[in-house]
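K.L.:
There's a structure below that I have some questions on.
The values are calculated or read from the model by the stated rules, or taken from the named source; none is laboratory data. What you see is a predicted model, and the numbers here were worked out from it, not measured in a lab. For neighbour counting, all protein chains shown are included, and Cβ atoms are generated from backbone atoms with ideal geometry for every residue, glycine included. Each accessible area value is taken on the protein alone, full model and side chains, heavy atoms only, with ligands, DNA and RNA left out. Shrake-Rupley method; radii C 1.70, N 1.55, O 1.52, S 1.80 Å.
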Amino acid sequence: MAITIKINSIDRTANIDARSLSIVDELGSANTASFEFICNDVSDAPVTGQDVLIEEESNKLFAGRVLSKDETFYPPNQLKYRVECIDYSRDLNKKLVVESYLDELSGNIIKDIIDKYTSGITYTNVADGLTITRIAFDYITVAEAIQQIADASGYYWYVDYDKDLHFFAKTDKPASFQLDDDQDYYKELIINTDISQLRNRVY
């Protein structure tokens, strides 16, 4: 399947060294992408902050912004940029939150913060969560505030490819695959069991 890379809504797939493309997609941390961009003119080079969309057919593999770029000369007469990208959770760091809440659902706190301190971010997939007796934020970023709420609730969160915030309990997200059929497809499957992240819920 063909992979396309759009930068600032312009298809730049032809400028990308496909062998250099890397995407890191982890739950609980910001998703990143990196690639090498080759061009003849500096005006074609990516600019930090521009939107990046990586798709395979109609499936979005990554969406975010250019975080940084390193320029080098690429013989005989081209420029090569090592481009690093980060997902839209970066957009949650523009303003600092100064708020306090009493006896409020964690999901409602997040929605209030999103409304007051961000633009372009939606919260269709924010669960109600647990009731938080008291929480206060003293000049911290929106992302840090959401993380504090998630830690207090035992929830996870992330911003998806369409700039929608997800806030959910671990048990709300099923595995992306099932190992319950009788086909012989799992010969090289390795399952590791690890309880290092297991904890009791704290209220």
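K.L.:
How much accessible surface area, in Å² rounded to 10, belongs to the heavy atoms of Ser43 with a 1.4 Å probe?
P.N.:
Surface open to solvent at Ser43 totals about 90 Å².
K.L.:
Restricting everything to alpha-carbon atoms, can you work out Rg to Rh for segment 1-60 with a Kirkwood hydrodynamic radius? Before the final figure, lay out each step's value.
P.N.:
On the way: Rg = 12.0 Å, Rh = 12.5 Å.
Radius of gyration relative to Kirkwood radius: 0.96.
K.L.:
Which value at 222 nm does the chain reach when only helices count, each DSSP H run of 4 or more adding -39,500 (n - 2.57), with the total divided by all residues and rounded to the nearest 500 deg cm²/dmol?
P.N.:
Working: 2 runs with 24 residues, N = 203.
Value at 222 nm, helices only: -3500 deg cm²/dmol.
K.L.:
Okay, next question. Report in % the part of the accessible area of the chain that belongs to carbon and sulfur, leaving out ligands and nucleic acids; probe 1.4 Å.
P.N.:
Values: 6160 of 12890 Å².
C and S fraction of accessible area: 48 percent.
K.L.:
Then there is this: So how tilted is helix 142-153 from the main axis of the chain? Cα-based, degrees 0 to 90, rounded to 10.
P.N.:
The angle comes out at about 40 degrees.
K.L.:
Sticking with this one: Given a cut-off of 23 Å, name the pairs among Lys6/Lys80; Lys6/Lys95; Lys80/Lys163; Lys6/Lys69 whose C-alpha atoms lie farther apart than that in the structure shown.
P.N.:
Details: Lys6/Lys80 17 Å; Lys6/Lys95 27 Å; Lys80/Lys163 30 Å; Lys6/Lys69 16 Å.
Cα-Cα > 23 Å for Lys6/Lys95; Lys80/Lys163; rest within.
K.L.:
Between Val47 and Tyr74, how many nm apart are label points set 7 Å from Cα along the C-beta direction?
P.N.:
Each label point lies 7 Å from its Cα, and together they span 2.1 nm.
K.L.:
Follow-up. May I ask for the equivalent-ellipsoid semi-axes of segment 1-157, computed as the square root of five times each C-alpha gyration tensor eigenvalue and listed largest first in whole Å?
P.N.:
Working: eigenvalues 285, 50, 28 Å².
Listed largest to smallest, the semi-axes of segment 1-157 are 38, 16, 12 Å.
K.L.:
Let me ask you something else. Compute the FRET efficiency between Glu104 and Glu57 as 1/(1 + (r/R0)^6), taking r as their Cβ-Cβ distance and R0 = 41 Å, and round to the nearest 0.05.
P.N.:
Values: r = 42 Å, r/R0 = 1.03.
The calculated FRET efficiency here is 0.45.
K.L.:
Using only the Cα atoms of segment 48-103, construct the convex hull and provide its projected area averaged over every direction, in square nanometres to one decimal.
P.N.:
Details: hull surface 28.2 nm².
Across all orientations, segment 48-103 yields a mean hull projection of 7.0 nm².
K.L.:
For a quick check of understanding: with a 1.4 angstrom probe and all protein chains in place, what accessible area in square angstrom does Val159 have, to the nearest ten?
P.N.:
Counting only protein heavy atoms, Val159 exposes about 10 Å² to solvent.
K.L.:
Applying 1/(1 + (r/R0)^6) with R0 = 30 Å to the Cβ-Cβ distance of Asp17 and Lys94, what FRET efficiency is obtained, to the nearest 0.05? Provide the component values of the computation, followed by the final result.
P.N.:
Working: r = 32 Å, r/R0 = 1.06.
With R0 = 30 Å, the Cβ-Cβ based efficiency is 0.40.
K.L.:
Still on this structure: If you average the sequence gap of Cα pairs under 8 Å that are 6 or more apart and divide by the length of segment 1-60, what percent do you get for the contact order? Each step should come with its number before you reach the end.
P.N.:
Values: 76 pairs, mean separation 27.0, N = 60.
The normalised contact order for segment 1-60 reaches 45 percent.
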